[in-house]
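Let me begin by presenting the structure, written as structure tokens, before commenting on it.
Quick note: the coordinates plus some simple rules give every number you see, no bench work behind them. All values derive from a computational prediction rather than experimental measurement.
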Amino acid sequence: MWEPENENEDDKMTEEQLRELARALRVELAGVIDDAEGRRLLASELDEALELPAGQAKPTLVATLRARRETREWIAIRTGIGTADVVRALAGPLGTLTAPLGVHVVCPHGDYDRYLESSNQDPGRCPNDGAKLVRADD
Ligand SMILES: [Zn+2]
């Protein structure tokens, strides 16, 4: 049976794929981020994300990997999926590229998610069906 929701999921990376990317990025960091301070910061963010238990690292890995233009470009080159598709592959259609890991909100229909910068920010509505976004359980 054809289920459109699952089609969407297939485009996204699994936690193991994200961990592989994060580990590879950690090794190649010097060639990716020019700024020493930014490099140090990203290295510690990657280390923290990779130390999370299996099954719990995905939101942090996604947020860390997609937060910077340099890492999105690096991922595009490494995976060959094209810069425009990187963000989609990392977490599906996203509201914002630069938001740090904050409050995760999702469409109740499962077709959209985004991160809020603070818990009192209005979660807004799904751009696909207009449903009010609700807090995810992760
Ligand atoms: Zn929706």
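Here are the numbers:
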quantity: Difference of contour (0.36 nm per residue) and Cα-Cα distance, ARG26 to GLN56; calculated: 8.9 nm
quantity: Global geometry of the stretch 10-91, whether rounded, prolate or oblate, following the gyration tensor of its Cα atoms and the 1.5 cut on a/c; calculated: oblate
